[in-house]
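The values are calculated or read from the model by the stated rules, or taken from the named source; none is laboratory data. Please read these numbers as outputs of a predicted model, since none were measured by experiment. FYI the Cβ positions are ideal-geometry reconstructions off the backbone, even for glycines, and counts take in every protein chain you see.
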Amino acid sequence: MKISDKILAFFDGHKRDLPWRNNPTPYKTLVSEIMLQQTRVDTVIPYFNRFMKELPTISSLAKADDELLYKLWQGLGYYNRAKNLKKAAIIIMEKHGGIIPNTISELESLPGIGPYTAGAIGAIAFQINTVAIDGNVLRVFSRYFGITDDIRLESTKNVIKSRLEGIYPANRLNDFTEALMEIGAIVCLPNGKPLCDTCPLSNACFAYSNKMIDVIPLKSKLVHRRKELKTVLFIKKEDRVLILKRPRTGILSNLWELPNIEGHLSKEEVLLWLSQNGLPASRVLSGINFVHIFTHIEWNMKSYVVQIDQIPFHMENDFIEITEIEKKYSVPTAFLPFFNQFK
Ligand code: SF4
């Protein structure tokens, strides 16, 4: 049996029941592939289901209110994906008559869609003959082919890509693309624990037969992550809390946050900051500490819970009831622990 036939037979017998695989459409593929960037399948499923319920078509996404969009994305992280997804939907409505384009170059020209995502959408939604390589596929086939170069290098990806082109079948390109990802997700697991006994590739797998699954794939160290210290203030008056909108550009742009100051402040420094900002505090208590990790930045956050005597007149609209915040405001995951400490 050819290797591609084995892979497809494995997929037919073992594929997971995922919501974007039920009655698939290019729109479902587009949304799921964007959500799956840097995020695990199990995490994505409830977000995908909610998203499809609220925004079932490309035109509803193009017209979606930003607050609703961010709310649907809240907790999934990497909000730029949501922003770009909406921008892509607007372009699809305006330039492509509401039809998701079916060429790799047109897909790649849409915001937030790089070569991998374009390849995945192209192959899964439109049966385009293209190799889509993500981290899972790189791991499986560096092991299978016995490639010991660093898989973070573009040159290594290109080698794996061209070797894979040699085993692509003539048809069922959509299933084959998903099958490669599926083997990486449920059989050829990372961190030296692949389930080789159940793998359709085990007969000819280099790493398996040479006892090198702990060695391959070879991966260079992650890029350096910048550490930032922050003091987060949970400033409340009864059940209302002060939240502010983040700037229009930069990390977590346009989302809502708790007031925060660079550095780790002492209680006295917080009291000074509060009085300089016209917020008369009746009580300042130490809150939780929390570290949130982004791709290139790490926020090391110390917090204080501040009770104020009176909401200043000019801030009347900035203090929002906690239940309202939960329902309507998009607060990034980085700030949620400070709300959760009161549940
Ligand atoms: S045999 Fe094992 S190491 Fe090789 S591809 Fe399959 S699961 Fe991965």
* **Out of Ile45, Ile34, sole residue that is among the β-branched types (Val, Ile, Thr), in contact with a Lys or Arg (Cβ under 7 Å, 6 or more places away or on another chain) and under 30 Å from Glu324 (Cβ atoms)** => Ile34
* Asked: Yes or no: Arg283 among the charged types (D, E, K, R) and in contact with an Asp or Glu (Cβ under 7 Å, 6 or more places away or on another chain)?
  -> no
* Could you run through region 166-189 and say how many residues are within 10 Å of the ligand (Cβ to nearest atom), touching a helix residue (DSSP H, G or I) at 6+ places or on another chain (Cβ under 8 Å) and not in a helix (DSSP H, G or I)? => 2
* Structure fact -> If we ask which residues in region 274-302 are out of contact with any helix residue (DSSP H, G or I) (no Cβ under 9 Å at 6 or more places or on another chain) and either basic (Lys, Arg) or buried (at least 16 other Cβ atoms within 10 Å of the Cβ) (or both), their number turns out to be 3
* **Pick from region 194-234, criterion within 23 Å of Glu269 (Cβ to Cβ), touching a helix residue (DSSP H, G or I) at 6+ places or on another chain (Cβ under 8 Å) and of a type in the set (A, V, I, L, M, F, W, C), ranking: farthest from the ligand (Cβ to nearest atom)** => Leu233
* Near pairs, Cβ below 6 angstrom, 6+ apart or cross-chain, from region 188-217 (more than 20 Å from Asp149 (Cα to Cα) and not assigned by TED's automatic domain parsing to the domain that holds Lys15) to any residue that is of a type in the set (A, V, I, L, M) and near the ligand (Cβ under 9 Å from one of its atoms) -> none
* Residue among Tyr116, Tyr70 that alone is surrounded by 17 or more Cβ atoms within 10 Å (Cβ to Cβ), at pLDDT below 95 and farther than 28 Å from Pro247 by Cβ -> Tyr116
* With respect to the numbered conditions (1) under 20 Å from Ala82 (Cα atoms); (2) in a loop (DSSP other than H, G, I, E, B); (3) touching an Asp or Glu at 6+ places or on another chain (Cβ under 9 Å), which one is the sole condition not fulfilled by Ile311? -> (1)
* Check off (1) more than 16 Å from the ligand (Cβ to nearest atom); (2) in contact (Cβ under 8 Å) with a residue 12 or more places away in the chain for Val137 and give me the number that stays unchecked. => (1)
* Positions within region 26-58 being surrounded by 15 or more Cβ atoms within 10 Å (Cβ to Cβ) and touching a Gly at 6+ places or on another chain (Cβ under 8 Å), in sequence order -> Ile34, Thr39, Tyr47, Ile58
* Asked: If Asn254 passes every condition in (1) more than 30 Å from Lys71 (Cα to Cα); (2) within 23 Å of the chain's Cα centre (by Cα); (3) touching a residue at least 60 places away in the same chain (Cβ under 8 Å) but one, which one does it miss?
  -> (1)
* To do: Would you mind stating whether Asn129 is polar (S, T, N, Q) and assigned to a helix (DSSP H, G or I)?
  => no
* To do: Filter region 278-302 for residues that are over 36 Å from the mean Cα position of the chain (by Cα) and closer than 26 Å to Leu252 by Cα and give the result.
  => Leu279
